[in-house]
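*Asks:* Here it is, the structure in full.
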Amino acid sequence: MVSHKTTRRNLLKTVGIAAGAGLAASYLGACARKEDTKPATAGGTAQEMASQQSSGTSGELTPDLIDKAHETVVKQFPAKTEGEGCLPLEPKIDGDVKVYELVTKEVDWEVKPGIKIKAWTYNGMVPGPILRFTEGDKVRVVLKNELEESTSIHFHGLFVPSNLDGVTYVSSPPVKKGETYTAEFVVRNKPGTHMYHSHHNAYEQITRGLAGCVIVDPRDGKTFGETQDVVIMLNDGALGYTINGKQFPATKPIVAKKGELVRLRLMNVGQLYHPFHLHGMPMKVVMIDGYPLPQPYYCDTLSLNPGNRFDVLVEATEVGVWAFHCHVLTHAESQQGMHGMVTAFIVQE
Amino acid sequence: MVSHKTTRRNLLKTVGIAAGAGLAASYLGACARKEDTKPATAGGTAQEMASQQSSGTSGELTPDLIDKAHETVVKQFPAKTEGEGCLPLEPKIDGDVKVYELVTKEVDWEVKPGIKIKAWTYNGMVPGPILRFTEGDKVRVVLKNELEESTSIHFHGLFVPSNLDGVTYVSSPPVKKGETYTAEFVVRNKPGTHMYHSHHNAYEQITRGLAGCVIVDPRDGKTFGETQDVVIMLNDGALGYTINGKQFPATKPIVAKKGELVRLRLMNVGQLYHPFHLHGMPMKVVMIDGYPLPQPYYCDTLSLNPGNRFDVLVEATEVGVWAFHCHVLTHAESQQGMHGMVTAFIVQE
Amino acid sequence: MVSHKTTRRNLLKTVGIAAGAGLAASYLGACARKEDTKPATAGGTAQEMASQQSSGTSGELTPDLIDKAHETVVKQFPAKTEGEGCLPLEPKIDGDVKVYELVTKEVDWEVKPGIKIKAWTYNGMVPGPILRFTEGDKVRVVLKNELEESTSIHFHGLFVPSNLDGVTYVSSPPVKKGETYTAEFVVRNKPGTHMYHSHHNAYEQITRGLAGCVIVDPRDGKTFGETQDVVIMLNDGALGYTINGKQFPATKPIVAKKGELVRLRLMNVGQLYHPFHLHGMPMKVVMIDGYPLPQPYYCDTLSLNPGNRFDVLVEATEVGVWAFHCHVLTHAESQQGMHGMVTAFIVQE
């Protein structure tokens, strides 16, 4: 019989996030204890197990293999992969204009260890780099198209002149293969969270990776008091169910010290709605689509509809490793263990 | 020509809820009147009609058979079936601790008359029994696993120590076949509505039935003034489109006297969103995920996303039998009449 | 290299909306400029291109054909088609009663140029005509059924006596082929936006077109200050992804002068959720399901769940042609260009 009392003796001692796959093992040592004394019958990776299973007769994993698959994939978290999306893009300065250079190109993008998919990217990453503006900035976005087909750029949520809106043949021309397109405008939005993405053959182009986050920062530096500011962009389609371009166990955890106030900028450019559930602590929803809610509210599950942006605050009061995942369970778990839209919010002592 | 004026002479005289399938007939007598004088061409049950239809040539029901199918299934409502979910679980007292005992086991669960499906249950019922705590309680939940595979228990929305969070290999070990697991903690949440469910092979286990409601009651007894408190948990998957484990016409109506204030605790553990529409009266949304909304609002259709809990109040001002159903119509109706996620909110004089 | 500065010299000079398909070309002249100098390899319509493509070997359009398809369909917007839905229905006056006459019948409904689908309609249009009441009105709705099968009418969101609620065999009898049904009631709702639709074999009947809008106007004439009042009803199913019964490019744009305050009454009677994204300007959500929000909020993407009604206000501050579309991209775009749930919000100087 396993007995877990409310003492903190088993609470995980978190040790930092740089160590890669080995990290999960140390986080998870306490609760994996029981498994150590009762090893599952099969070793190897989830892939090997799947292979074993498919040569069997039942078409289903045995209970022991289900457990082993769950354990194996968790112990890989956070798994190292090549490439990281959503990194900030440092602008060049041209007089009083901040210049952001984007290049669309196809790359082999590793969504989880060993699985590379042809992605269409801004600057070789999925999601594209974060464009970070300040209220009132004069900005120039220069897009060079190195894809085989035309593209465009739409600034989703930003006030821009109609002819820079990026809807091909409605507001902007397509940017053909090899061409460069320039959009220059003054940032008129108040502080908030927005997006940029292709608006040409968009179902294909966005689901393959052509989307990124735009942040408008306040001129006066006023914030919600957050100690961390984290962008999370969901997608589904050609690259699978992804958080910032990666599938579990290659998703990146959010790591905070107890007492921090973490701002999450949550958005979804996929085709499906994803109700994200945070274990352990609630989310305080403070902005929708870059507009402050007059009455923020708390929840622990937030339905991230395609196109919306939610700014939420999480007070890191509860020490531990907390799952943060889509509650459409098929987007997050199978007999082979957790996959896809799962990450962790880790609160350290 | 059928003329219905706004007099109340046809309003249904509701007579109580214990009478079972005969009840619907009495509720529905007034409006079935016309049918009595123009009987449809076919008698028998919806199943018999389906059988007739499948031997036909058109692949579709005739208009008369569509009507008859609709009538037949409504007249069965509320249909008697074996087993009832969401019943309260009386705790045992061990000193200052309330002890709740859960046993997971497979049972044949009757989702509608004559249709039994192998369900995975807590204590033999779907949804599992309601765990009702009071703020500040010291509680112990003891889970014995009599399934063939491992499981776990996650307290969705509750503040618990990380090692009791139930995510296997992340926060808690799997509870293997035959094992017993104990979680003991102090109830730190404010009053509100939460859930418990498996977090291991969860897509399989939850959709087969392993989920239940947790209610945290106020220490000071303060409520919204409700005269009834009703839990409604939706699910979709192995058991079909269900309300508290049953498909229409085996769903249970909500029955109130005129003037009552009914609190509904609505939640969804399925894979799909279900926008629930209440006929006749609006719902006042007062809490989300166990947190009071600073500004409650009214609606008559509420999108129940997987993982969320909504506490709503319905003032029973309108006498009659009011449909309460998912407005994704394929979850609620076909040529064979209403099915799945349909029930009624009945207001009696 | 294409350079678009923030000057307004390229902003579209909008010239009115009556000119039909030629209109789009004039709207879009500025941005189509580049294409004029680099014509795509193929002429012809999207249909011709699809035909070319299907005889090819790759199963995909070439980049030039993708561009051409996008251009072709945009230049058809707003395309002329036969029939228009959501027109107001003038009541007859019978003493102190306003009488609204509806006839259900099947018609060939042109959803986009050349594509006619058998629709089930109220008064020959999809969506049905708008029933516009004033608070406290005594109204009579007379429904004659000229379909081959029974139907019913449910007043979705309105306070009506239970026996007029339209759920067949629960609250109302089916209205059989050739029969006429009359519902007479006093309008007890406060001002707001509601619907009427079949509640018999409803999945079939609603998705084929049997739904319309009900507006309750204030007795005292008080509004939000809107200069325009636009109904937008979404549907998906037999008629495809439609806005007011039409697919892009046959959808009708919203056209406002700069400075106008446009009220949109948004609703969805389909089976899928449709997160609608307005380019250029935010929407202020002021009512849900006919109930004022105590704290209106702003957003640019609004998830329109089946059954809900949202009253939103758009301040027409930004001159231009702004896309207004479902952000589930498969409902709005493919390699063949935009389709389905796309229209434009046009702001003229």
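*Asks:* Which ones in region C:286-302 are surrounded by fewer than 22 Cβ atoms within 10 Å (Cβ to Cβ) and either out of contact with any Pro (no Cβ under 6 Å at 6 or more places or on another chain) or facing chain A (nearest Cβ under 9 Å) (or both)?
*Replies:* Selection gives C:TYR291, C:PRO292, C:LEU293, C:PRO294, C:GLN295, C:PRO296, C:TYR297, C:TYR298.
*Asks:* Taking region B:309-324, which residues are of a type outside the set (Val, Ile, Thr), open to solvent by less than 10 Å² (accessible area, probe 1.4 Å) and either touching a Cys at 6+ places or on another chain (Cβ under 9 Å) or at negative phi (or both)?
*Replies:* Listed by number, the residues that qualify are B:ARG309, B:ASP311, B:ALA316, B:TRP322, B:ALA323, B:PHE324.
*Asks:* Can you confirm whether B:GLY212 is more than 18 Å from the chain's Cα centre (by Cα) and at pLDDT 95 or above?
*Replies:* No, not satisfied.
*Asks:* Out of all the residues in region A:325-349, which are closer than 12 Å to A:ALA256 by Cβ, of a type outside the set (D, E, K, R) and more than 10 Å from chain B (Cβ to nearest Cβ)?
*Replies:* A:PHE345, A:GLN348
*Asks:* Out of all the residues in region B:160-190, which are in contact (Cβ under 8 Å) with a residue 60 or more places away in the chain and more than 7 Å from every other protein chain (Cβ to nearest Cβ)?
*Replies:* If the condition is that a residue be in contact (Cβ under 8 Å) with a residue 60 or more places away in the chain and more than 7 Å from every other protein chain (Cβ to nearest Cβ), then B:ASN189, B:LYS190 are the ones that fit.
*Asks:* Looking at region C:274-281, can you tell me whether even one residue there is open to solvent by 10 Å² or more (accessible area, probe 1.4 Å), in a loop (DSSP other than H, G, I, E, B) and farther than 27 Å from C:SER198 by Cβ?
*Replies:* Yes; the residues of region C:274-281 include at least one that is open to solvent by 10 Å² or more (accessible area, probe 1.4 Å), in a loop (DSSP other than H, G, I, E, B) and farther than 27 Å from C:SER198 by Cβ.
*Asks:* Quick one: which strands (runs of 3 or more DSSP E) lie wholly within region B:105-167 and hold at least 3 residues that are open to solvent by 30 Å² or more (accessible area, probe 1.4 Å) and either modelled with pLDDT under 95 or more than 27 Å from B:VAL342 (Cβ to Cβ) (or both)?
*Replies:* Qualifying strands (runs of 3 or more DSSP E): B:138-145.
*Asks:* Let me ask something else. Considering (1) surrounded by fewer than 21 Cβ atoms within 10 Å (Cβ to Cβ); (2) at the interface with chain B (Cβ under 7 Å from one of its Cβ atoms), say which one C:ASP220 fails and leave the rest.
*Replies:* Unmet condition: (2).
*Asks:* Can you name every residue in region C:293-349 that is among the β-branched types (Val, Ile, Thr), part of a loop (DSSP other than H, G, I, E, B) and over 21 Å from A:ARG309 (Cβ atoms)?
*Replies:* If the condition is that a residue be among the β-branched types (Val, Ile, Thr), part of a loop (DSSP other than H, G, I, E, B) and over 21 Å from A:ARG309 (Cβ atoms), then C:VAL319 is the only one that fits.
*Asks:* Also, quick follow-up: Return yes when A:ASN305 is open to solvent by 10 Å² or more (accessible area, probe 1.4 Å) and either within 11 Å of another protein chain (Cβ to nearest Cβ) or under 23 Å from B:GLU204 (Cα atoms) (or both) and no when it is not.
*Replies:* The answer is yes for A:ASN305.
*Asks:* Right, here's the next one. Given the residues C:TYR241, C:TYR196, which is the only one that is of a type outside the set (Gly, Ala, Ser) and open to solvent by 20 Å² or more (accessible area, probe 1.4 Å)?
*Replies:* C:TYR241
*Asks:* Against the definition (under 22 Å from C:ALA332 (Cα atoms), open to solvent by 10 Å² or more (accessible area, probe 1.4 Å) and touching a strand residue (DSSP E or B) at 6+ places or on another chain (Cβ under 7 Å)), how does A:VAL175 come out, yes or no?
*Replies:* In short, no.
*Asks:* Looking at region B:198-217 only, could you name the residues that are of a type in the set (D, E, K, R) and away from every other protein chain (no Cβ under 13 Å)?
*Replies:* If the condition is that a residue be of a type in the set (D, E, K, R) and away from every other protein chain (no Cβ under 13 Å), then B:ASP217 is the only one that fits.
*Asks:* Sticking with this structure for a sec: Condition test on A:GLN247, is it in contact with a Leu (Cβ under 9 Å, 6 or more places away or on another chain) and surrounded by fewer than 22 Cβ atoms within 10 Å (Cβ to Cβ)?
*Replies:* no
*Asks:* Moving on. Which residue out of A:GLY259, A:GLY270, A:GLY290, A:GLY225 is of a type outside the set (Ser, Thr, Tyr) and under 15 Å from the mean Cα position of the chain (by Cα)?
*Replies:* A:GLY270
The values are calculated or read from the model by the stated rules, or taken from the named source; none is laboratory data. Here the structure is a predicted model, which means the values were calculated and not measured. Heads up, the Cβs are rebuilt from the backbone with ideal geometry, glycines too, and the neighbour counts pull from every protein chain shown. Heavy atoms of the whole protein, side chains included, go into the accessibility calculation; ligands, DNA and RNA do not. Shrake-Rupley method; radii C 1.70, N 1.55, O 1.52, S 1.80 Å.
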